[in-house]
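The structure under discussion appears below in the form of structure tokens.
The values are calculated or read from the model by the stated rules, or taken from the named source; none is laboratory data. All values reported here derive from a predicted model rather than from experimental measurement. All Cβ positions, glycine included, derive from the backbone under ideal geometry; neighbour counts span all protein chains shown.
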Amino acid sequence: MFGSNAKEDARQAMLENQSGTLKFDIISGKPYQLITVPVKAPETIGWIVMGFAVDGRLADQIKQLTHLDVTFVQKTHQRDWQLVSSTSTRELSNLLVKTVADIYRQKLSLHSVDLNGQAYHLKIRSLHETKDDALLVVLQGSVEPFTQDLNTLFKVMVLLTFIGVLIFAALIWYVSRKTTEPIAALVNDADTIAMGDYEKEIQINSTDEVGHLAKALNSMREAVLQRSLRIQRLAFNDELTGLSNRLAFNQGVHQAIMTHADSQQKLSVIVINIHRFKPINQTLGRDFGDDLLRHVGQVLKQNVLGAQDMVARLDADEFAVLLQQTDQAKATRYADKIQQVFERPVSVQGQAIDVRTGIGIALYPDHGLDEESLLNHAETALQESRAKKSPWIVYNTALEID
């Protein structure tokens, strides 16, 4: 029940709230929430005023809705700002009353304050305000739970970043190893090729771009190897007959001399010329002449005495034979054997042809101590053989005088 003063206050509140809406007021120094309802029969014959005290129950109900602490603070003409009710602790509520007074004077509805060493956000709303009275509701929430969430989020982000960096580093290491190691191996293989070693085959272990590059480099290596072998064959072999050429024959004689120098064993250099080859080549054709040269080369090669002996084509119709560990008697027997082979007509392209040869012989060390002198003396003996139409001639110094 309201006292006499309270009834007057309620009547005044009723007159100000004729619309029937909810209103807060301070009556006899205590805050209430008032609602007025008209009594009609059918005209308005009175008003019913219902008042509900603003206390802890209301604060608890608002907290349940907002999940924020709620504090009611009032001021009257008789007393300064004082606490009405609050869902916070007593100590925190008293600190809040002092803070609200300053904030209210600054007319701030939203404010951040530090209460008892902890940050809070305040939302202030005026429920009733006159010249002397005021009723405020304060919604306050601690910032700490949010900052804790942010700190946790920050730590999670740092951890995820660290893990991401590790994964990225591992990925870079894997990609670089997968890419750079095959490329480094290809560089080494290219260096090997550049140094002239074309025999080592490049390993192809993948089908990606590096594998294609290795395959291309392998093809290039094989092509260079084949060209190198062909150049080597052209440099030391006669392309027509497959026998050694003059350069290879000179090297072979030089090596044989080095081998026989200490033992003083003899070796023979024999030069053989085909008589009438030029007319045969002109009459029967170049192809026929080439086949004849091949046949003569095979006959000479098949009749050498040992595996270390050597047969070469020196010129168009001139051949040379190196017989190692051979004295004059063995050399002349070989010359006789060649003459006997060519006493019978040979068959070339299905046509029998009579082949005659001239042979010159020079012996190491009797007729020369190096490959040039031995070959020159054998050719001198060959010229004497052709001039005298002799089957073979062994070099002697008298031939030089003639």
> Of all residues in the stretch 82-98, which are surrounded by fewer than 16 Cβ atoms within 10 Å (Cβ to Cβ) and part of a loop (DSSP other than H, G, I, E, B)?
Replying inline: 89
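Answer yes or no as to whether residue 140 is of a type outside the set (D, E, K, R), surrounded by fewer than 10 Cβ atoms within 10 Å (Cβ to Cβ) and under 27 Å from residue 75 (Cβ atoms). Break it down stepwise before answering.
Details: of a type outside the set (D, E, K, R): yes; surrounded by fewer than 10 Cβ atoms within 10 Å (Cβ to Cβ): no; under 27 Å from residue 75 (Cβ atoms): yes.
In short, no.
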> Inside the stretch 337-369, can you point out the residues that are under 19 Å from residue 266 (Cα atoms) and loosely packed, with under 14 Cβ neighbours inside 10 Å?
Replying inline: 369
> Is it true that residue 315 is part of a loop (DSSP other than H, G, I, E, B), charged (D, E, K, R) and within 19 Å of residue 378 (Cβ to Cβ)?
Replying inline: yes
> Of the conditions (1) within 56 Å of the chain's Cα centre (by Cα); (2) closer than 30 Å to residue 53 by Cβ; (3) part of a helix (DSSP H, G or I), residue 151 fails just one. Which one is it?
Replying inline: (2)
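Go through the stretch 318-358 and give me each residue that's part of a strand (DSSP E or B) and closer than 20 Å to residue 371 by Cβ. Can you show your working first?
If we filter the stretch 318-358 for residues that are part of a strand (DSSP E or B), which is where we start, we get 318-324, 346-348, 351-353, 357-358.
Of everything in the stretch 318-358, those that are part of a strand (DSSP E or B) and closer than 20 Å to residue 371 by Cβ turn out to be 318, 319, 320, 321, 322, 323, 324.
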> Can you tell which of 400, 343 is outside the structural domain of residue 268 (by the TED database), more than 60 Å from the chain's Cα centre (by Cα) and modelled with pLDDT under 90?
Replying inline: 400
>> Residues that are surrounded by fewer than 16 Cβ atoms within 10 Å (Cβ to Cβ), over 48 Å from the mean Cα position of the chain (by Cα) and outside any helix (DSSP H, G or I): does the stretch 204-227 have at least one?
In response: no
>> When you scan the stretch 364-375, do you find a residue that is in contact with a strand residue (DSSP E or B) (Cβ under 9 Å, 6 or more places away or on another chain), in contact (Cβ under 8 Å) with a residue 40 or more places away in the chain and in a strand (DSSP E or B), even just one?
In response: yes
>> Quick check on the stretch 295-307. Is at least one of its residues in contact with a Ser or Thr (Cβ under 9 Å, 6 or more places away or on another chain) and not in a helix (DSSP H, G or I)?
In response: yes
> Can you spot a residue in the stretch 86-96 that is within 30 Å of residue 37 (Cα to Cα) and modelled with pLDDT of 85 or more?
Replying inline: yes
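Do we find that residue 251 is of a type outside the set (A, V, I, L, M, F, W, C), in the same structural domain as residue 365 (by the TED database), more than 30 Å from residue 89 (Cα to Cα) and surrounded by 11 or more Cβ atoms within 10 Å (Cβ to Cβ) in this structure? Spell out the reasoning first.
On the way: of a type outside the set (A, V, I, L, M, F, W, C): yes; in the same structural domain as residue 365 (by the TED database): yes; more than 30 Å from residue 89 (Cα to Cα): yes; surrounded by 11 or more Cβ atoms within 10 Å (Cβ to Cβ): yes.
In short, yes.
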